C-alpha cells in the first residue's frame, strides 16, 4: 500500500508565538534569540529574513544585517507549551507522530484515510484547526514517504521576496507517480545528506539537479561518493525512502547546559550555576516520572576544550539535592583557572523512580526526605510558575531565577548570566513579562 | 629453614592463610606476605592485614627449623603450578627456594623482622558447636553491609540477654536476627561486634571442625578450630537498636512455598536489570511476581500461596528478597506486611529462631 506521510512545519514558529503576545510587533523584523553577546539566532520573522537574517546565524551578524530588528529573548517554556498544544491537534488524527523539534513533525496518516479523508484533506484540516485554535500558521507537505513530504512542505511555505512576503500554498501534495516530476528540477543540494563536500563532488562531475543525479551512471556515482552513499542518494533521487514514522521514544538522557557571557573563575559562581542546572534537570526528571543513576558534569573551558566527569550510583536520583550530592565532589576536579565558558549537568541511565527504602526512612525526624520536598516544589511550581520557588543559589537581583526548560538552548543569555551586562534593551521587559 | 610437604597440602594451607593477607600494601608492603615458621615437624602459616589474622599448622618433613615471609599471591601460584608430589622449601642467604621434580623457583622474601608480631590469646575460651555457629552465620552474615562508610553496619552483632544468644546483622535495608538459645558464648548483657568479613572467612573454615573454641577479648575475637586459628579486631561503636525496627503487629500475612518463591524469583529477576524491583501483587490465591524492564521487556509468574489481608502491590529488590527466602529453614515461609512503605518480616513456618526484616522498594 502506498503510504501517506505528512510533514507539518510551523511557519516562523518562535516568532509567531511571540507575536501573539506582542501584536504591536507584527510586520516588523523580529528575531528570537541572539539578544546576548554570544547568542545565535533561533528564529527570524519573514520580514527579518528579507534582510538575510536566518536561524543559527551569530547574533552579531544578524545585528549588522538588520540593525532595526527587534531582538527578543527566547522563551522556551512558552514555545514548548505551544508545541504541546500543536501535538494535541496532531494526535486527533493519528498516534503515529514523530516530532523532529518543537516546530515540525512527521505524521503517518496511511491508516486513518478512511476516517478523515485523503492526505490533502487531513493536511488542510490540521492547518485550519491550528489556525482556528492557536492562531498560528503552518505548512504541510504530503507524500508517500518522509523524504518527499519534507520537500513538499518547503514548497508549501510562504516565500520571501524582495518586494515582500508571498503566502504559500499551505498544503502541497506529491501524489504517487508525480515524484520524479517534483524532484528532478530541484537542486541536488536539497537532498538530505548532501552537505557541502558531497555537493562539490557532485557538481564536479556535472550533477546539479536531482534529475541529473537520478540519471547518473551508478559506477560513476560510486567512484565519486563511495558505494554506500551512492546507493543511498540514488534511491532518494528517484523518490524512494522507506523509513517509518517513529513516534517519540523515551529519552535516554536529560540535560541542561549554559554558555556564559563571561568565563567563570569563581568557585561559588560555578557552584551556583550547577545548583541551578541540577534543579532544572531534577524538575524535568520528575515531570517525566523518571530518575537517573548516572549524573555527568560537563564543562568547557575558555580554550574550548571540553571535559565530562560522571558518577553512577545504585539508587536512582530525581531531586536537586541528591543530584548535587553526586556532582559536588566532581566540581573539585575542574580547572577553574582556565576559565569556565560552559557548564552542563546530564542525567542518564534513566529509569522509573524506584527507591529502595531504608530503615532510616522510618525515622521521620532524622530522615531528610528529599522526595517529599521535591514533590512540594513541583506542586508549588505547577500552581504558581517555575519562578515561584527554587534553590537559594538561583537568587539574584531580579529574584529567583531557576532554569526554564532549555531556556539556554539558543546560546548564552547575558541578562541571566552571573555577571550582568549593561546594554539592556527592550527585551528585558519582555523577559520579565514572560516570567509573570 | 628447610622442609618438605605434599604439594596439595601445602597449596591448600597457602590458600587459606592468604585469605587474610592483603594486596592493599601501600603502607605495609610486608602484609602482602605470609609468614612461614617451621619447628618440630610443623609448618605454621600466618596471614594478616592487621584486622584479620588466619594461622594454621600442617605437618611437614623438617630438615632445618626457621622462619621466612614470602609473597602470598606469588608463592601460592607457584606451589599450585608445581608438579604433583613433594615440594621442598628452603631459605638460602638471599632467597626462598621452592622446588619440585625438576622445577625450581627462587623468590625474594620479605624481612622476617618486618612482619607484625601476633598478640597472644585474650580472654577465657568457650566452646561452641561448629554446625550451630555455621547455621547462624549462614543466615545472618548476608545481611551485613559492605559499605565502609558505615563501619558499624559492616559488623555482625553477637549479644546475650535472658532470652539467650543473638546473632544480628543489618545493612540499613534488611535485618537478619538469629537466636541461638543458651549457647553460652557470652554472659547476659555482653555483646561484641565482629566484622562480617572475618565471619565469612570463618564460615569457610567451619565445615572441617566439630567444635570451635572462642575467646572474646576487649579488642579482638579469636576462633580456634583444631590447628587453624582466626582472629579479628572488633568493631567499635553502637549497633543500631534493631528491636525498634521489628513491627509490633502485621495485619497482612502471606504464606508461600519457599522453593516455589525462590524458583520464580530466579526466573523473573533475569529481567530485573537496572530497575532492580520485583512487584508482588497480593490479594488472591496466587501471588503475581512482575518485573518490568524499560525498553527491554517484562516477566511475570504466578505462584500458589495463601494470603490473609488487604489487596496490595509491594515492590522488593529481588536479590534481597531471594537472600531472605534462601536464609530461612523449612518448606514454607510467611511474609508479614503492614503497608508497601513499611518493613516486612520473613519467617520460616515452624521456625521461631530466625527472622529476616526487609524494606520494600517504593514503586
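The values are calculated or read from the model by the stated rules, or taken from the named source; none is laboratory data. Model, not experiment: these values are computed from the prediction. Glycine also receives a Cβ, built like all others from the backbone with ideal geometry; neighbour counts cover every protein chain displayed.
Each residue in region B:291-320 was checked for being touching a helix residue (DSSP H, G or I) at 6+ places or on another chain (Cβ under 7 Å), within 13 Å of chain A (Cβ to nearest Cβ) and in a strand (DSSP E or B), and 3 pass.
Conditions tested, residue by residue: (1) surrounded by 16 or more Cβ atoms within 10 Å (Cβ to Cβ); (2) within 14 Å of chain A (Cβ to nearest Cβ); (3) at pLDDT 90 or above.
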{"site": "B:232", "(1), (2), (3)": "yes, no, yes"}
{"site": "B:235", "(1), (2), (3)": "yes, no, yes"}
{"site": "B:245", "(1), (2), (3)": "yes, yes, yes"}
{"site": "B:254", "(1), (2), (3)": "yes, no, yes"}
{"site": "B:265", "(1), (2), (3)": "yes, no, yes"}
{"site": "B:272", "(1), (2), (3)": "yes, yes, no"}
{"site": "B:281", "(1), (2), (3)": "yes, no, yes"}
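Taking region A:242-269 as the range and being modelled with pLDDT of 90 or more and either crowded, with 20+ Cβ neighbours inside 10 Å or not assigned by TED's automatic domain parsing to the domain that holds residue A:353 (or both) as the test, only A:264 passes.
Look through A:319, A:348 and report the one residue that is under 15 Å from residue A:254 (Cα atoms), within 14 Å of chain B (Cβ to nearest Cβ) and out of contact with any strand residue (DSSP E or B) (no Cβ under 8 Å at 6 or more places or on another chain).
Numbers: A:348 fails: out of contact with any strand residue (DSSP E or B) (no Cβ under 8 Å at 6 or more places or on another chain).
A:319 is the lone residue from the list that is under 15 Å from residue A:254 (Cα atoms), within 14 Å of chain B (Cβ to nearest Cβ) and out of contact with any strand residue (DSSP E or B) (no Cβ under 8 Å at 6 or more places or on another chain).
Restricting the search to strands (runs of 3 or more DSSP E) fully inside region B:223-282 and requiring at least 3 residues that are touching a helix residue (DSSP H, G or I) at 6+ places or on another chain (Cβ under 9 Å) and within 30 Å of residue B:59 (Cβ to Cβ) gives B:228-233. Checking residue B:176 against (1) at pLDDT 95 or above; (2) buried (at least 18 other Cβ atoms within 10 Å of the Cβ); (3) away from every other protein chain (no Cβ under 14 Å), which test does it fail? Unmet condition: (3).
The numbered conditions (1) touching a strand residue (DSSP E or B) at 6+ places or on another chain (Cβ under 8 Å); (2) without any contact (Cβ under 8 Å) to a residue 60 or more places away in the chain; (3) away from chain A (no Cβ under 14 Å) are all true for residue B:103 except (1).
Looking only at region B:51-72, residues that are touching a helix residue (DSSP H, G or I) at 6+ places or on another chain (Cβ under 7 Å) and under 14 Å from residue B:22 (Cα atoms) come to 5 in all. Entry remark, region A:113-147: residues being surrounded by fewer than 23 Cβ atoms within 10 Å (Cβ to Cβ) and in a helix (DSSP H, G or I) number 16 in total. The residues of region B:341-359 that are surrounded by fewer than 21 Cβ atoms within 10 Å (Cβ to Cβ) and facing chain A (nearest Cβ under 9 Å), listed by number, are B:341, B:342. Inside region A:254-297, residues that are closer than 23 Å to residue A:396 by Cβ and in a strand (DSSP E or B) make up a count of 11. Of the residues that make up region B:292-315, is at least one crowded, with 21+ Cβ neighbours inside 10 Å and under 28 Å from the mean Cα position of the chain (by Cα)? Scanning region B:292-315, I find at least one residue that is crowded, with 21+ Cβ neighbours inside 10 Å and under 28 Å from the mean Cα position of the chain (by Cα), so the answer is yes. When each of A:293, A:309, A:276 is tested for being closer than 13 Å to residue A:351 by Cα and either away from every other protein chain (no Cβ under 14 Å) or surrounded by 14 or more Cβ atoms within 10 Å (Cβ to Cβ) (or both), the lone residue that passes is A:293. All told, residue B:141 meets the bar of being assigned to a helix (DSSP H, G or I), surrounded by 14 or more Cβ atoms within 10 Å (Cβ to Cβ) and touching a helix residue (DSSP H, G or I) at 6+ places or on another chain (Cβ under 6 Å).
When A:246, A:257 are checked against the criterion of being touching a residue at least 24 places away in the same chain (Cβ under 8 Å), under 17 Å from residue A:298 (Cα atoms) and under 27 Å from the mean Cα position of the chain (by Cα), a single residue qualifies: A:257. In the set (1) closer than 18 Å to residue B:265 by Cα; (2) within 13 Å of another protein chain (Cβ to nearest Cβ); (3) in contact (Cβ under 8 Å) with a residue 24 or more places away in the chain; (4) surrounded by fewer than 21 Cβ atoms within 10 Å (Cβ to Cβ), residue B:362 fails one condition alone, (1). Tell me whether region A:322-334 contains one or more residues that are surrounded by fewer than 20 Cβ atoms within 10 Å (Cβ to Cβ), within 12 Å of chain B (Cβ to nearest Cβ), out of contact with any helix residue (DSSP H, G or I) (no Cβ under 9 Å at 6 or more places or on another chain) and closer than 23 Å to residue A:272 by Cα. No: region A:322-334 contains no residue that is surrounded by fewer than 20 Cβ atoms within 10 Å (Cβ to Cβ), within 12 Å of chain B (Cβ to nearest Cβ), out of contact with any helix residue (DSSP H, G or I) (no Cβ under 9 Å at 6 or more places or on another chain) and closer than 23 Å to residue A:272 by Cα. Out of all the residues in region B:321-339, is one or more at pLDDT 95 or above, crowded, with 18+ Cβ neighbours inside 10 Å, within 13 Å of chain A (Cβ to nearest Cβ) and outside any strand (DSSP E or B)? Checking region B:321-339: at least one residue is at pLDDT 95 or above, crowded, with 18+ Cβ neighbours inside 10 Å, within 13 Å of chain A (Cβ to nearest Cβ) and outside any strand (DSSP E or B). Taken over region A:340-377, the residue count meeting the criterion of being touching a helix residue (DSSP H, G or I) at 6+ places or on another chain (Cβ under 6 Å) and modelled with pLDDT under 80 is 2. Taking the listed residues A:355, A:383, A:375, the one that is surrounded by fewer than 16 Cβ atoms within 10 Å (Cβ to Cβ) and under 30 Å from residue B:318 (Cβ atoms) is A:375, with no other qualifying. The condition of being at negative phi, assigned by TED's automatic domain parsing to the domain that holds residue B:105 and out of contact with any strand residue (DSSP E or B) (no Cβ under 7 Å at 6 or more places or on another chain) holds for only one of B:86, B:22, that being B:22. Tallying residues that are within 16 Å of residue A:107 (Cα to Cα) and in a helix (DSSP H, G or I) within region A:155-172 yields 0.
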